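Engineer: Questions regarding the structure given below will be posed in turn.
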Amino acid sequence: MGRGTLLNGHTLTSVEICAGAGGQAIGLEQAGFEHRALVEYSEDACKTLRMNRPGWQILQKDVREFNPIEDAGITHVDLLAGGVPCTPYTEAGKQLGSSDERDLLPEVLRLTEILHPKAVMIENVHTLATQEKFAGTRNVFFKELSSLGYDPNITVLDAQDFGVPQRRKRAVIVAFRMDVSGTFNWPEKKWELPPTVGETLAESMASNGWPGATAWARTASSVAPTLVGGSMKHGGGDLGPRRSKQQWARMCVNGNSTWATPPAHDFVLEHGVGKNGWEGYPKLTYQQAALLQGFPADWQFSGTRTNAYKQVGNAFPPPVARAVGTSITETLRASYLDKAA
């Protein structure tokens, strides 16, 4: 099967909302989907997408104003996907849930009704799936999907189980139209021991001439804590809250901010420097953070260093998106074969 092909020339198509810097889109592309349109509000993120995939149709719009028929001439796709804002379901966002004006789950329902896709895939912060506080939100959303003719499922996947060098748990919702006959199975854990931060970044850390990169890589012998990109208005200047910075410090990384380039030949790593004790460690570049998210090494990012890091930190890791997308593809393929028999 070639990219975008199901059977007998049928091309699997998708529309993605809240596309960000393309983490989910990369994974779904690798799973066989041809993107008909990607909708994203951030100008920098749209520039990132266009820079890397000039053939994709990128629409810079508020999802609430997006009409696939009027804006892109799209009346139907196989998959509606997206990573709607996590802020309504995080502590930093005060966990307001469906009462938060940034909650876009209602827009997923609206677009599902318009496009009537064979499948819907939505990812969000893991608390949407695990906290009792959001049980009402989940139940209402699932009830509405069911009323539209879909069978919704939700689970929590950890990126490190799919080869991403990062502990990153995400809630993933997959809903198939009830006339899709194939059986859906969540992707299984593929890695018992994911690559470490040191293994992933050793080459990059040495790329600017730092002779201590090899020794540093041996110290960074675990996976990363969850990268945090912040919201559109806040965050993105560092690697997360204090507890995350402490975890980074155990791998000899200074999480207070990011660097424009890897450490140079004259950089000397020092322990116990500064108030927190980690100011003598190297900082990450946003390109290195992207490697820890599972982005391809040649994926470029637009905008300032802080904005680029925000795009990275808010992304859905491509390897996880690919795993879920492949399971969706297999279900659609089985349904197609069943109906063709």
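The values are calculated or read from the model by the stated rules, or taken from the named source; none is laboratory data. These numbers come from a predicted model, not from an experiment. Counting neighbours? That spans all protein chains shown, and the Cβs are built from the backbone with ideal geometry, glycine included.
Engineer: Can you find a residue in region 282-292 that is at pLDDT 95 or above and touching an Asp or Glu at 6+ places or on another chain (Cβ under 6 Å)?
Structural biologist: Step one: of region 282-292, the residues at pLDDT 95 or above are 282-292.
With touching an Asp or Glu at 6+ places or on another chain (Cβ under 6 Å) added as a condition, the list becomes none.
No: region 282-292 contains no residue that is at pLDDT 95 or above and touching an Asp or Glu at 6+ places or on another chain (Cβ under 6 Å).
Engineer: Just to check your reading of the model, which residue among 226, 214 is of a type in the set (S, T, N, Q), surrounded by fewer than 22 Cβ atoms within 10 Å (Cβ to Cβ) and not in a loop (DSSP other than H, G, I, E, B)? Let's see the steps before the verdict.
Structural biologist: Numbers: 226 fails: not in a loop (DSSP other than H, G, I, E, B).
Exactly one of 226, 214 is of a type in the set (S, T, N, Q), surrounded by fewer than 22 Cβ atoms within 10 Å (Cβ to Cβ) and not in a loop (DSSP other than H, G, I, E, B), namely 214.
Yes/no matrix, rows are residues, columns are (1) of a type in the set (Lys, Arg); (2) surrounded by fewer than 18 Cβ atoms within 10 Å (Cβ to Cβ); (3) over 27 Å from residue 293 (Cα atoms); (4) in contact with a Gly (Cβ under 8 Å, 6 or more places away or on another chain):
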| residue | (1), (2), (3), (4) |
| --- | --- |
| 142 | no, yes, yes, no |
| 151 | no, yes, yes, no |
| 189 | yes, yes, no, no |
| 192 | no, yes, no, no |
| 200 | no, no, no, no |
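Engineer: If we keep just the residues of region 107-130 that are part of a loop (DSSP other than H, G, I, E, B) and either at pLDDT 95 or above or among the acidic types (Asp, Glu) (or both), which is surrounded by the fewest Cβ atoms within 10 Å (Cβ to Cβ)?
Structural biologist: Of the residues in region 107-130, the ones part of a loop (DSSP other than H, G, I, E, B) are 116-118, 126.
With either at pLDDT 95 or above or among the acidic types (Asp, Glu) (or both) added as a condition, the list becomes 116-118.
Working: 116: 15, 117: 22, 118: 24.
The selected residue is 116.
Engineer: For region 292-315, give me each residue that is part of a helix (DSSP H, G or I), of a type outside the set (A, V, I, L, M, F, W, C) and farther than 19 Å from residue 17 by Cα. Even if it seems obvious, please write down each step before you answer.
Structural biologist: First, pick out the residues of region 292-315 that are part of a helix (DSSP H, G or I): 292, 305-313.
With the extra rule that they be of a type outside the set (A, V, I, L, M, F, W, C), the set shrinks to 305-307, 309-311, 313.
Of everything in region 292-315, those that are part of a helix (DSSP H, G or I), of a type outside the set (A, V, I, L, M, F, W, C) and farther than 19 Å from residue 17 by Cα turn out to be 305, 306, 307, 309.
Engineer: Is there any pair linking a residue in region 321-341 that is within 26 Å of residue 296 (Cβ to Cβ) to one that is in a helix (DSSP H, G or I) and of a type outside the set (Gly, Ala, Ser), with Cβ under 6 Å and at least six apart or on different chains, and which?
Structural biologist: Taking only residues 6 or more apart or on different chains, the pairs are 321/24; 321/28; 322/30; 323/162; 325/28.
Engineer: So which of 143, 133 is in a helix (DSSP H, G or I), on the phi < 0 side of the Ramachandran plot and at pLDDT below 90?
Structural biologist: Numbers: 143 fails: at pLDDT below 90.
Of the residues listed, the single one that is in a helix (DSSP H, G or I), on the phi < 0 side of the Ramachandran plot and at pLDDT below 90 is 133.
Engineer: Can you name the residue in region 232-291 that is assigned to a strand (DSSP E or B) and in contact with a Gly (Cβ under 9 Å, 6 or more places away or on another chain) and is also surrounded by the most Cβ atoms within 10 Å (Cβ to Cβ) among such residues?
Structural biologist: Narrowing region 232-291 to residues assigned to a strand (DSSP E or B): 264, 273, 277-278.
Now drop any that are not in contact with a Gly (Cβ under 9 Å, 6 or more places away or on another chain), which leaves 264, 273, 278.
Details: 264: 9, 273: 13, 278: 23.
Applying the filter and picking the extreme gives 278.
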